[in-house]
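Notes follow once the structure below has been shown.
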C-alpha cells in the first residue's frame, strides 16, 4: 500500500469541465448536469485501494446527508485497468451497489480528468462552491487503515458546513494520503 499525498490544487481554481461515462447507468454525464446547487464534492477513488475501502461507508453516508442540502457528490476512477483489472468499469458498478453509492461513479478512461485536477491519490477530495470555484482539497479526515482513528469525515464535513453557512473555509487543509493513481504507462 503506497502512501501518496494529494498535490493540493490551488484554492479558487475553477473545476475543469468534463463528460465521463457513469459505470452504473452507462450514460455520459457532464459536470454541469451533475453539480450541486450549493456545492460539489468530487472524489477520485477506485475499487481496490484499502484507503478507499476504509472510508466507503462514510462517503456513502455523507453523500446521502448532503444531497438534500444542495451538495452533489461525484466519484471518478482514473486507474489503469489493464494492469489493475479490479478497477474495471463493470466492477466499479458492482462496487457502487455494494458500497451503497447514491452518486455517479465515473470512469476516466483516458486519465485526462485526473490530470486536469492534478489528482495524485485515491482517495483525493475536492469541494467546489456553487460557481465551481475550489474551496477545499485534501483529506476526508485523519483516519487511515490500521491507525485506530475512527472515520468521521471531519475535514470534508467542516468544509461543507462552512460552505452551507456562508462562512470562510479554513485555508489550512491537510493533503489526503492514499494509493497513487495507477497511471497508464506508454
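Residues of region 152-165 that are in contact with a helix residue (DSSP H, G or I) (Cβ under 6 Å, 6 or more places away or on another chain) and surrounded by fewer than 18 Cβ atoms within 10 Å (Cβ to Cβ): none at all. Screening residue 17 on (1) farther than 20 Å from residue 132 by Cβ; (2) without any contact (Cβ under 8 Å) to a residue 24 or more places away in the chain; (3) part of a loop (DSSP other than H, G, I, E, B) shows it passes everything except condition (1). Inspect all residues belonging to region 89-96 and state whether any of them is under 16 Å from the mean Cα position of the chain (by Cα), under 19 Å from residue 175 (Cβ atoms) and part of a helix (DSSP H, G or I). No, region 89-96 has no match at all. Residues in region 121-139 that are closer than 19 Å to residue 12 by Cα and part of a loop (DSSP other than H, G, I, E, B): 130, 131, 132, 139. Restricting region 166-186 to residues that are in contact with a helix residue (DSSP H, G or I) (Cβ under 8 Å, 6 or more places away or on another chain) and not in a loop (DSSP other than H, G, I, E, B), the residue that is farthest from residue 107 (Cα to Cα) is 177. If I filter region 3-26 down to residues being in contact with a strand residue (DSSP E or B) (Cβ under 8 Å, 6 or more places away or on another chain) and surrounded by fewer than 11 Cβ atoms within 10 Å (Cβ to Cβ), which single residue comes out as farthest from residue 115 (Cα to Cα)? Only one residue fits best here, namely 12. Among the candidates 55, 76, the residue that is in a helix (DSSP H, G or I), at negative phi and surrounded by 22 or more Cβ atoms within 10 Å (Cβ to Cβ) is uniquely 55. Within region 59-68, can one find any residue that is outside any helix (DSSP H, G or I), at pLDDT 95 or above and closer than 22 Å to residue 118 by Cα? Scanning region 59-68, I find no residue that is outside any helix (DSSP H, G or I), at pLDDT 95 or above and closer than 22 Å to residue 118 by Cα, so the answer is no.
Only a single item in (1) in a strand (DSSP E or B); (2) touching a helix residue (DSSP H, G or I) at 6+ places or on another chain (Cβ under 8 Å) is not met by residue 143, and it is number (1).
Please determine whether any residue of region 21-31 is touching a residue at least 60 places away in the same chain (Cβ under 8 Å), out of contact with any helix residue (DSSP H, G or I) (no Cβ under 9 Å at 6 or more places or on another chain) and closer than 23 Å to residue 7 by Cβ. Checked against the condition, which is being touching a residue at least 60 places away in the same chain (Cβ under 8 Å), out of contact with any helix residue (DSSP H, G or I) (no Cβ under 9 Å at 6 or more places or on another chain) and closer than 23 Å to residue 7 by Cβ, region 21-31 yields at least one hit.
The values are calculated or read from the model by the stated rules, or taken from the named source; none is laboratory data. These numbers come from a predicted model, not from an experiment. Cβ sites come from the backbone with ideal geometry, for glycine too, and all protein chains shown count toward neighbours.
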